[in-house]
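Heads up: the structure comes next, in structure tokens.
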Amino acid sequence: MKAAVDERLDGLRGSAPRLTYSARSLAALENNPRCTLRAVLDASGSDKAAIAAHAGFPTPFGQSPFAIARGNVFEALVKANGCAELIRVLRETLKLTLPEVAYQDLNDVGGNASPEVRHSRTRQLLVNTALGKSPGTLYDHPMLRLQVGGHTVFLEPDLVAFRIEDRFHVVEIKSFPIIDGRADAAQVKAATTQASAYVIALRAMLADAGIGPDAVSDTMLLVAPKDFTNSPTAAFVDARKQVATLTRQLTRIEHIGDLVSLLPEDLTFDLAIDKSGRALRPAEELAEALDQVPALYRPDCLSHCEMAFFCRSRARACASLDVLGSAVREQLGGIDTATMALGLARGELTPDADQAEMAAALRHAARLRTEVLGQADGAGATA
Amino acid sequence: MAHLEAMEQMRAVSLTVFRHRRLSAKPLVIVPLTMAGEAGAPLAAMAGTSRTAPKLLVVAQPRNRDQRFAFAADLGRIVMNYIDSHRLHRREVASRVEGPTSRYTDAPQILVPNPGGIKALIDLGRMCRYRKAEGPYPVAPVVPQLGMWLTFLAETAEQAGTSMLLPVTGMLAEHWATGQSTMEDQNLASIMGWIDPPEGLSVAQAIADAENPAVCPPAGPATSPEFDKTYLAPAIRRFDDTYARGDIAATAAAEADLRELIGEQIKPTWRLMWAAVSLLRAVPEAPRTAARFERDLASFTAYSDYQDGGGLPQRKHDGAIGAARRLSRLERAQADFEADMAFDDPLALADRRSMGEAFAGVVTGAEPDRVVTTAKNRRVPRPRITVTTYDPVRLAPGVTLISPSMPNSHKALIIASVPDGASTQILVEVTGGMGRGVVPLKGSVPVLGQHMDYLPDPGWRPTPVFPEPDSMPWTHSSPADDDPDTNPEDNAAEEWGNAD
């Protein structure tokens, strides 16, 4: 059964190499989890950016070189000299009483940087620490592993897993500022979700060694620049909710078969890329394939999903209320399109039993609007 | 409803009859740009009170602290000149609370493209307000002044109905409904595309262009990553190289290049800002805007006087009492602003009527001569009327009402509301606005057949009393409530910038 699903997913992806999940794409699962199109594309490891671009909707995502440079500089600064700055912050800002801290660089193992080698070294060290065989330590770029939908995903906590009061804590180093103890909520949320992927992976690894989930705290440590300076500060962020959500999303991926089995047998998003790297598949055909999978567009997709511009054009084309955002959508529960809403409002459509109440409200609102606008026009005409 | 029509017709439709925000005859438009990835590092700003005379300020190396504060000083001079030009004339006013006092006759109005622009000014304000003109890292005296004023303006901007600092996208969205989401409406080029697409373009084309940074550079504060990569980063590197070599002529040339580059990015937004201002000017101002402007004048004058008296910079966090006060003020302002809008604007009222928060109908029953005796043994007129409405009213008996169809002081109370088929009969008792006699003044009581609009009275509420700082219970005080001036963080704050 499982194999059959994998085959289907491979078929959907076609000839392109499989993209694996990263902490970022796992974290993105939390947004709009009910979108089938995204679920299928992700699970099949398809390249969403390439597909969207080929369908005529290239994604404008990208990070400014300034932001990347700043991120790297800040991370280097925090980690310099065996994380001296980080330790200072933990002691001074968070008032932690830390015994002597050892620092372990896991960026490579004796010059070997393959993920497998690094992962086994990480596991050996962290399990030993958990069992109390070696002292509390900072681990720089440990390599974690998580099974997602039957595929191995390597996760590299952009940072360090750390041990405070006998529990591991995931540390995220981010370059957005914490000004007067406050940081941008959206960015904190993104960082927390990413960290919760690491928490899950860390717990999975320790569970294999028979160590319970309590060994890993679901509070993460956010390290970020303080105010307008370059010197770091830190805060504890509760990631419990996101850990739970992400765990749920991960179990859903296991059930991707249920979604795939609803799709036509021969459906594929293959771009048919030739040797010179050109996509040979006609764009219209690709768009038709994409249209076969139900997508759930929401305006906030625009800020995180590569397919969003494609989905928005589809939503606009059928005058879906999704275009206006969830507030309007909820107000008009049970009605899907602007055409239908206006039809009901003008009495051109007959509402079914579920829509009767909404239709009455719409007709009323429409009448008021015409009344007022009529008056305003009338007043303008006489003036 | 309006959004639906906008979607169908592919153009913006009006959401209100009036413009509910004051638009100054001479607003100061500021388009701030910041550098990606840096904490509130200004990159550039275009500012000015006239479309034809913009002033472009550029920070050649935003990571350099000295250049950053030189920029703050330049912008500070523009802003302070503008603010000072509103501090020339005062006029006596009688205030019920403070007795006779005087107020400035005009208040500043700063317009930025979007909410992000306000955030950029908040960050700039925070960066500047604790700086000092003397001591180890001196800055121009105008810098802390700018910081305090920006912080003050940003705080007023949180309050509904104020007009001293506003995002233009917000003003546009208050009057026009588009067929897109609130998030997309915050893109200035996009919302303008809906309202007034460029010559020869359809709305669909205009909004597609608005999202293409190559056609419409973003209105900031962030620049497009593509622009950063292709143009900005190399240009800044050139500047740094020439600067490091100490080659004065080449440095000046590199700086000029940067200015031109950034100018090209910022100018389209500048033009859009003024186009938006003239669109907004064409919308008639709502009657009650004037009364709200009086409140702006009062708070502007109060802050200005505080500053003249050597005011301290605003603290970083509100204390417990400050926070409670602020919250109560904001909630109050929001309720008042919504009521004002509905009172002035039939479309806003229609919205509230559709939601059952207001109603309108014809007077179908009246008891104009009803008189009751109060507990104090006084005979007062309490006429009752019945209004028949077809609105889905959700107001309960006991709610106090005000009415745009009657003189301002009219007050009424819902006694009962009885659904009757498609309509609802609402029994209303008139309680105020009838004069002092037993016989109501002429025209102060609705008559049979009259059309009445009613909406709930946001009401006069006494200003909540909060404890004084020294009598605050210990549970609500914290050591962080200290004077911000004594904060040791300042020293650390200065370390950044000169290092690179």
Quiz prompt | Farthest positive-ward along region A:328-382 dipole, Cα basis, beta-carbon charges - from A:Leu362, A:Gly374, A:Gln331 | solution = A:Gly374
Self-check item: Coarse-grained scattering of the protein assembly as shown at q = 0.06 Å⁻¹, given as base-10 log I(q)/I(0) from a Debye sum over alpha-carbon atoms
Solution: -0.52
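Taking 0.36 nm per intervening residue step and subtracting the Cα-Cα distance, what contour gain separates B:Gln425 from B:Arg271 on full extension?
On the way: separation 154, 0.36 × 154 = 55.44 nm, distance 5.31 nm.
Full extension from B:Gln425 to B:Arg271 adds 50.1 nm.
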Quiz item: Considering only B:Ser181, B:Phe343, B:Leu150, whose Cα is most displaced toward the positive end of the charge dipole of the protein assembly as shown, charges sitting on Cβ of Lys, Arg (+1) and Asp, Glu (-1)?
Solution: B:Phe343
Quiz item: P(r) for chain B: what percent of alpha-carbon pairs falls in each 10 Å bin, starting at zero?
Solution: 3, 16, 22, 23, 18, 11, 5, 2, 1, 0
Quiz item: Can you list the equivalent-ellipsoid semi-axes of region A:199-355, largest first and in whole Å, using the square root of 5 times each Cα gyration tensor eigenvalue?
Solution: 39, 27, 21
Exercise. Report, in deg cm²/dmol and to the nearest 500, the calculated mean residue ellipticity at 222 nm for the protein assembly as shown, where each DSSP H run with n ≥ 4 adds -39500 (n - 2.57) and the sum is divided by the residue count.
Key: -13500 deg cm²/dmol
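Only counting other Cβ atoms within 10 Å, I'd like B:Arg353, B:Arg384 sorted with the fewest neighbours first. Display every interim value, and only then the final one.
Numbers: B:Arg353 27, B:Arg384 18.
Arranged by neighbour count, lowest to highest, B:Arg353, B:Arg384 become B:Arg384, B:Arg353.
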Quiz prompt | With Cα atoms, 0 to 90° folded angle of helix B:142-157 axis to chain B main axis | solution = 30 degrees
Exercise. Calculate the dipole size of the protein assembly as shown relative to its Cα centre from +1 charges on Lys and Arg beta carbons and -1 charges on Asp and Glu beta carbons; express the result in debye to the nearest 20.
Key: 1800 debye
Quiz prompt | Kirkwood-based shape ratio for chain A, expressed as Rg/Rh from alpha carbons | solution = 1.07
Quiz prompt | Order of B:Val277, A:Val148 under a 10 Å beta carbon neighbour criterion, fewest first | solution = B:Val277, A:Val148
Quiz item: Over chain A, what is the mean sequence separation of C-alpha contacts under 8 Å (at least six apart), divided by residue count, expressed as relative contact order in percent?
Solution: 19 percent
Practice problem: May I ask for the angle, rounded to the nearest 10°, between helix A:115-130 and the longest principal axis of chain A, with both axes built from Cα atoms and the value confined to 0 to 90°? | Solution: 70 degrees
Quiz item: What is the spin-label model distance, in nm, from A:Ala80 to A:Glu357 if the labels are put 7 Å beyond Cα along the C-beta direction?
Solution: 6.4 nm
Quiz item: Under 27 Å from the Cα of B:Lys411, which lysines turn up, not counting those fewer than eight places away in the same chain?
Solution: B:Lys376, B:Lys442
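Taking R0 as 51 Å, what's the FRET efficiency between B:Ala94 and A:Arg346 from their Cβ-Cβ distance, rounded to 0.05? Before the final figure, lay out the partial values.
Values: r = 53 Å, r/R0 = 1.04.
About 0.45, to the nearest 0.05.
Using just the Cα positions, wrap region B:201-274 in a convex hull and report its mean projected area in square nanometres, one decimal place.
For region B:201-274, averaging the hull's shadow over all directions gives 5.7 nm².
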Quiz item: With axes computed from alpha carbons, what is the tilt in degrees of helix B:320-344 against the longest principal axis of chain B, rounded to the nearest 10 within 0 to 90?
Solution: 60 degrees
Practice problem: Could you work out the Kirkwood radius for region B:178-302, taking every pair of different alpha carbons, averaging 1/r and inverting it, reported in Å? | Solution: 17.7 Å
Quiz item: Cross-link partners among aspartates and glutamates for B:Lys132, C-alpha distance below 13 Å, same-chain residues fewer than 8 apart left out?
Solution: B:Asp485, B:Asp490, B:Glu494
Practice problem: Name the long-range amide H neighbours of A:Leu138: under 5 Å, sequence gap of 5 or more, or other chain; modelled H, no Pro or chain starts. | Solution: A:Ala102, A:Tyr103, A:Gln104
Exercise. Return the single residue from A:Ala43, A:Ala55, A:Ala102 with maximal mean-square fluctuation; model: Gaussian network over chain A, springs between Cα atoms under 10 Å.
Key: A:Ala102
Practice problem: Any chance you could check the Cα centroid distance between region B:216-276 and region A:324-353 for me, in angstrom? | Solution: 47 Å
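Averaged over B:347-356, how many beta carbons belonging to a partner chain fall within 10 Å of each residue's beta carbon?
On the way: counts 5, 1, 2, 9, 4, 0, 4, 9, 3, 2.
Mean shielding count: 4.
Given R₀ = 51 Å, what would the calculated FRET efficiency be for A:Lys275 paired with B:Asp308, taking r from the Cβ atoms and rounding to 0.05?
Working: r = 75 Å, r/R0 = 1.47.
Approximately 0.10, to the nearest 0.05.
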Exercise. About the Cα centre of chain A, how large is the charge dipole given +1 on each Lys and Arg Cβ and -1 on each Asp and Glu Cβ? Please answer in debye to the nearest 20.
Key: 680 debye
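At 0.36 nm per residue, minus the direct Cα-Cα distance, what do B:Ile415 and B:Glu367 gain on full extension? Give it in nm, one decimal, please. Don't skip to the end; give the middle numbers.
Details: separation 48, 0.36 × 48 = 17.28 nm, distance 1.34 nm.
Computed gain between B:Ile415 and B:Glu367 is 15.9 nm.
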Self-check item: Computed magnitude of the charge dipole of chain B (debye, nearest 20; Cβ of K, R +1, Cβ of D, E -1)
Solution: 1820 debye
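Using the Kirkwood radius over Cα pairs, work out the Stokes-Einstein diffusion coefficient for region A:328-382 at 10 °C and 1.306 mPa s, in µm²/s as a whole number.
Details: Rh = 12.0 Å.
Answer from the Stokes-Einstein relation: 132 µm²/s.
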Quiz prompt | Extreme residue, positive dipole direction of chain A, given options A:Leu29, A:Gly132, A:Ser175 (C-beta unit charges) | solution = A:Gly132
Quiz item: For region B:37-75 and region A:1-74, what is the separation of their Cα centres, given in Å?
Solution: 38 Å
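When you have a sec, figure out the Kirkwood radius of region A:270-340 from all distinct Cα pair distances and drop it here in Å to one decimal?
So the Kirkwood estimate lands at 13.8 Å.
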Practice problem: Would you list, by chain and number, the lysines whose Cα falls below 30 Å from the Cα of A:Lys189, excluding same-chain residues fewer than 8 positions away? | Solution: A:Lys48, A:Lys79, A:Lys95, A:Lys174, A:Lys226, A:Lys241, B:Lys119, B:Lys229, B:Lys316
Quiz item: Which part of region B:441-455 falls in the paramagnetic zone of B:Val399, meaning amide N under 14 Å from the point 7 Å along Cα-to-beta-carbon?
Solution: B:453-455
Practice problem: For region A:9-86, just the Cα atoms, rotate onto the principal axes and tell me the three extents in Å, largest first. | Solution: 50, 26, 23
Quiz prompt | Alpha-carbon spread of region A:65-250, three principal axes, descending order, Å | solution = 43, 37, 33
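Computed from the coordinates by the stated procedures, all read-outs in this text should not be read as laboratory data. All values reported here derive from a predicted model rather than from experimental measurement. Cβ: placed from backbone, ideal geometry, glycine included. Neighbour counts: every protein chain shown.
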